[in-house]
Amino acid sequence: MTATVPLNAYLILSAALFVIGVAGVLIRRNVLVIFMAIELMLNAVNLTFVAFARFLHSMDGQIIVLFVMAVAAAEVAIGLAIIIALHRNKESMNVDEINLLKG
Amino acid sequence: MELILPQIDWAPFVPLAPVAIGGLTTLTAELFLPPGRKHLVAILSLIALAAAILLSINSWGPVLDPDRRMVRYGIHDSVVLDRFSLFFYLVLGLIGVLTILLSMGYLHNAAPDQGEYYSLVLFSVLGMMLMAAGGDLIVIFLGLETFSLALYTLAGFRKTELRSNESALKYLLLGAFASGFFLYGIALIYGATGTTILRQITAFLADGHPPEPLFLIGGGLLLVGFGFKIASVPFHMWAPDVYEGAPTSVTAFMIAGTKAAAFAAFLRVFLLALPALHMRWSAAIWVLAVLTMTVGNLVALVQSNIKRMFAYSSIAHAGYLLVALVAGGSSGIASILFYLVAYALMNLGAFAVIIAVQDGERERLLLTDYAGLGWQRPVLAACMAVFMFSLSGIPPTAGFMGKLYIFSAALAGDYPGLAVIGVLNSVISVYFYLRVIVIMYMSEAASPLPDRSRGQAPAVPASAAAVLAVLVSVLGTLHLGLFPARLLDLARQSVSVIAG
């Protein structure tokens, strides 16, 4: 039996990852990087689910992660399609230059 | 080893089935239809939605016989069939039907021969219905994502138009960002209670477990997620940009549909699963309600683009709905249900007018484009006037009765301050709604649009469907304004299952 990592360590790690993701969305200006930061947020949540599932001895959390991964994959597919459509009309990846709509 | 098959009650899925099947069928049928006949896809989707509506009406009586069970649960408590779900199935079905009607004319000009539009509308209605009926936080999340993913695509449907691209991108980035918070909230609640099923969370809290910090933070994150989806201040920044850039028919659908679905889940989660926390949350929601109403109405005052004005108006209306949520109680929640119906009718109606009066390719999106409309298209302008009266809450319209119920619920719930702020906000909103009427009737058309009375063929024959949507909405708006009792009674029956 190996020594187990305490639940709190997982929770702190996933909270840190989540905060890094949020900061990335708020600070970075490149659309693709913002997109990756959002994925980081979702994966931080996945880590939380798996950690809780392990410590609560329930399978629910593990199954939820599969759902979340499917949703994230669909989101990436649609997101990249939208970014390509945008790139065809405007040669920019910077959100500050995507500013037709405001007021 | 014996394989244990779960007992599945399929009844909760029956009203959803035609929408799901319809979405797949239209997607397939679209492939085989020759260009120019794609409107058949629209008719197919109307049939699917009509079937969903009929099945929901059918379930209302016999399945939920009041003497027997009021509630039925699908797969492992994850989907709930009660009158609350059925009410939202009906509302969302109606929103779907009106959206398809008003899209037919619009799409004819904007993106002809793209029948997949209607499948996306059906999938997103399906997601909204699933969200409204979700008895498990994960099902609510999946419903939310199903309709959001379809809506991201719909917002960017005019592929060659930069505004539409930008709207889709902003919606996607902020929507996914909000989903992250929502999901983190679910994870923390799962950690604190060991389950994501609403019924078990309620039982866990009722069991004498005090809500621990983990649980409270989770609830707060859920609140942020819902705040984004209903576009309440301070989580509203995406709404005006997205609503302005998206194709007009999609804007109408988003304004009416997402709000109904998000409020359905909001009510179910915060009143069914977390009633013990109502006192804690109501202070936070009080602040959100006041901010949302005030910011929405004040910023709407200075808008010159009509879609943007409607975006801020929809933010303000989310504020009125939050007032009723704070007030709580069965009359408060029934007033939310009533108001959501009124809100859907008047917004979809107004957008159907915007689509019906467009000139071929050219849309009338600026307020000044409406100058002189009262004399060019008298019937449509009169309908627009009815919707504007309704939105600002002037009798005898649905909007007036809705606001009356909401503010009286706030008074009954002992929140006189909120009721006063709400009424003051309604007064502010009268200015920008009535301005549309003033422009339509009292100013001359600056650049005369091609005049139809001089024997030119009408530019958009397909807008007949949009006119039909206008007529349905205007009749509904006036009917609810004059005879609100029937719908209010249905709303009360629907909430009796969640609010005692």
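Rule-based calculations on the coordinates, nothing more; no lab input. All values derive from a computational prediction rather than experimental measurement. Reconstructed Cβ throughout: ideal geometry from the backbone, glycine too, with neighbour counts over all protein chains shown.
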For segment A:18-103 the trypsin sites (Lys or Arg not before Pro) that pass both the DSSP coil test and the at-most-12 other-Cβ-within-10 Å test are A:29, A:102
If exposed means GluC sites (Glu not before Pro) lying in a DSSP loop and surrounded by at most 16 other beta carbons within 10 Å, then the longest stretch of chain B lacking such sites spans residues B:3-360
Correct semi-axes for segment B:281-430, from √(5λ) of the alpha-carbon gyration tensor and rounded to whole Å with the largest first, are 30, 15, 12
If each part is reduced to its alpha-carbon centroid, segment B:415-432 and segment B:127-167 end up apart, in Å, by 32
Heads up, segment B:389-444 by the C-alpha gyration tensor (a ≥ b ≥ c square roots of eigenvalues; a/c under 1.5 rounded, else a/b over b/c prolate, else oblate) looks oblate
Straight-line reach check, residue B:38, cutoff 20 Å on alpha carbons, 8 or more apart in-chain or any other chain, hits among aspartates and glutamates -> B:30, B:113, B:116, B:361
Counting every C-alpha pair in segment B:1-61, the percent lying more than 20 Å apart is 44
One quarter of the C-alpha convex hull surface, i.e. the mean projected area of the protein assembly as shown in nm², amounts to 29.1
Among A:11, A:40, A:56, the residue with the largest mean-square fluctuation in a Gaussian network model of chain A built from Cα contacts under 10 Å is A:56
Taking only the Cα positions of chain B, the convex hull volume per residue in Å³ is 148
For chain B, averaging the sequence separation of alpha carbon pairs under 8 Å that lie six or more residues apart and dividing by its residue count, the contact order in percent is 16
Averaged over residues of A:85-96, the number of beta carbons from other chains lying within 10 Å of each residue's Cβ is 3
For B:9, B:77, B:82, A:60, ascending order of other Cβ atoms within 10 Å (fewest first) is B:9, B:77, A:60, B:82
For residue A:90, the lysines lying under 23 Å Cα to Cα, once residues fewer than eight places off in the same chain are dropped, come out as A:102, B:159, B:170
